[in-house]
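In what follows, a structure is listed as structure tokens, so that the remarks can point back to it.
The values are calculated or read from the model by the stated rules, or taken from the named source; none is laboratory data. Not measured: the values here are computed from a predicted model. Quick reminder, even Gly has a Cβ in these numbers, built from the backbone with ideal geometry, and neighbours come from all protein chains shown. Heads up: the accessible areas ignore ligands, DNA and RNA and are worked out on the full protein's heavy atoms, side chains in. Shrake-Rupley method; radii C 1.70, N 1.55, O 1.52, S 1.80 Å.
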Amino acid sequence: MTDVPEAARRIRSGDPRALARAISRIDDGDPAVIEVLKALHADTGRAHVVGVTGPPGSGKSTLVDKFVREYRERGLTVGVLAVDPSSPFTGGAILGDRIRMQSHALDEGVYIRSLATRGHLGGLSGAVMEAARVLDAAGFDRVLIETVGVGQSEVDIVRLADTVVLVSVPGLGDDIQVLKAGIMEIGDVFVVNKADRDGADRVVREIRSMLETALVNGASPRALSGTGAADRGGHHIAFAAREAVSSHGYGDAHGLPPVLKTTAETGEGVGPVVDSVEAHRAALAETGLLRERRLRNVGYELRGALGNRLLARLGTPDAVSRLDRLAEDVVEKRRDVYEAVDVLFEELC
Amino acid sequence: MDRKIRVLVAKPGLDGHDRGAKVIARALRDAGMEVVYTGLRQTPEQIVQAAIQEDADVIALSILSGAHNHLFPRVMELLSEKGVNDVLVIGGGVIPEDDIPFLKKAGIAEIFGPGTPTKATIDFIRANLKR
Ligand SMILES: Nc1nc2c(ncn2[C@@H]2O[C@H](COP(=O)(O)OP(=O)(O)OP(=O)(O)O)[C@@H](O)[C@H]2O)c(=O)[nH]1
Ligand SMILES: [Mg+2]
């Protein structure tokens, strides 16, 4: 059985084996870890969590590697969670992000962990958020989370991170389309990587012009209230607190978020990106938006956790067949959807 | 609970080919395992550190360069220095029959030569996990 105080003590002291084991237990959904997480809760909330997302192959892992280097030069410790997709067919995964992060292998101020998306009930966020908390409790100053920006995951990242770095690259014809389809709103710092390739300046201009359009269209100071646009995951400190942020060197005078070029392979341009992330962090803290954002994210987490518990009840063989039978009732028109939900709700609660 | 087997596939040594390592990585994934692939030219120190951080159940070492008699035991030595004794370590690649007893004595659980069906490796892992 887990010795809870001992496990918590080892995690607080940054023992990589203890961290690693706790994260596995979280990922495996092992209830044995819950008491440990509870014991650590008071030690969380200090790390700044940075999400790095963007299309496959855009250079996220290479960038994260360079972010880590930059942070280490600034005397900060870093935990990295690198998330890759699981195979929907076998449940297995090949996690290759670490290949690009080898230079820190022997640095005790760096912990790198690869995670697969698995079929987590209620999305990826739950397990990754808990894993990030473990790193936080272990005292890492920054936690970097890499996720692939396709499907659901980019929505998840905004629910995990204090600052989101959105990576894009030249030469992906429909890359910008991906950005247009709503993930534009989640970026706090925009990076156009592979600036050694043709077309980087054009991508920078396109992103800027899209951000300007969004600004002109009044992309909503509602984000400040933690409702409205914020519910979609957009948070736009740039839009919400223009005056407050420009004094921190984050974004430009018009409140537009930074759009920066990098060549991750050489590390060129990475310093200014980290500067922007740090300026964003300072601006969030100064304006009270950090708390706002965390309230919103924990709200999502609570909803997710509640949903998971309910789903877990349905996960028992009995409940699943109950659900199946109700689905059949709906298809066969014996009940409508609302009645079916009423029945389930009665039984679950 | 959804306990997954986590395997670190690592290539110690200086040889520059990882086709074999990638074949085994894919086979393990297809068998439902989570495979952390770390790329070419890993030192034993890097491999052990990665295995700890990744909480690997298994380390699969793949080598073609001929330096296995040095590198494989070195991995075992570092693991025991760090007090890690619940990780299954297996090896593959081009390894002469004659070297196998020595490697097993050093703590490598099994050696899979070229042409071993991937199923043999998968079955071995499932049957010999240390935790
Ligand atoms: N030319 C060029 N290539 C780069 C640059 N940064 C990364 N790459 C290359 O792009 C490829 C993908 O890099 P990764 O860092 O693995 O990209 P990723 O976004 O993490 O990829 P996934 O995790 O698979 O989505 C690698 O071959 C890198 O060497 C860059 O600035 N310029
Ligand atoms: Mg990557």
Residues of region A:42-79 satisfying the condition of being more than 14 Å from chain B (Cβ to nearest Cβ), within 11 Å of ligand 2 (Cβ to nearest atom) and not in a loop (DSSP other than H, G, I, E, B): A:Val52, A:Thr53, A:Gly54, A:Lys60, A:Leu63, A:Val64
Of residues in region A:80-96 being more than 10 Å from chain B (Cβ to nearest Cβ) and assigned to a loop (DSSP other than H, G, I, E, B), the one surrounded by the fewest Cβ atoms within 10 Å (Cβ to Cβ): A:Pro88
Residues located in region B:63-94, provided they are away from every other protein chain (no Cβ under 14 Å), touching a strand residue (DSSP E or B) at 6+ places or on another chain (Cβ under 7 Å) and either modelled with pLDDT under 95 or open to solvent by less than 20 Å² (accessible area, probe 1.4 Å) (or both): B:Ile63, B:Leu64, B:His68, B:Leu71, B:Phe72, B:Leu88, B:Val89, B:Ile90, B:Gly91, B:Gly92, B:Gly93
Are there any pairs with C-beta distances below 9 angstrom linking a residue in region A:50-67 that is not assigned by TED's automatic domain parsing to the domain that holds A:Gly187 to a residue that is at pLDDT 95 or above and near ligand 2 (Cβ under 8 Å from one of its atoms), with the two at least 6 apart or on different chains, and if so which? none
Expected output for region B:98-115 (first residue of a type outside the set (A, V, I, L, M), partner exposed (fewer than 13 other Cβ atoms within 10 Å of the Cβ), Cβ below 7 Å, 6+ apart or cross-chain) is B:Phe112/B:Ala120
Please count how many residues of region A:34-47 are crowded, with 21+ Cβ neighbours inside 10 Å and without any contact (Cβ under 8 Å) to a residue 40 or more places away in the chain. 1
Quickly run through region B:20-43 and pick out the residues that are open to solvent by less than 10 Å² (accessible area, probe 1.4 Å), touching a helix residue (DSSP H, G or I) at 6+ places or on another chain (Cβ under 7 Å) and either more than 9 Å from chain A (Cβ to nearest Cβ) or under 19 Å from B:Asp123 (Cβ atoms) (or both). B:Leu28, B:Val35
Given (1) open to solvent by less than 60 Å² (accessible area, probe 1.4 Å); (2) at pLDDT 90 or above, identify the lone condition not met by A:Glu339. (1)
Counting only residues in region A:53-90 that are within 7 Å of ligand 1 (Cβ to nearest atom) and hydroxyl-bearing (Ser, Thr, Tyr), the one farthest from A:Gly14 (Cα to Cα) is identified as A:Ser58
Hey, among B:Leu103, B:Leu8, which residue is among the aliphatic types (A, V, I, L, M) and within 26 Å of A:Ser103 (Cβ to Cβ)? B:Leu8
Listed by first then second residue, the pairs whose first member lies in region A:281-302 and is farther than 16 Å from A:Gly51 by Cβ, whose partner is open to solvent by 40 Å² or more (accessible area, probe 1.4 Å), with beta carbons under 6 Å and at least 6 positions apart or on separate chains, are A:Ala282/A:His248; A:Ala283/A:His248
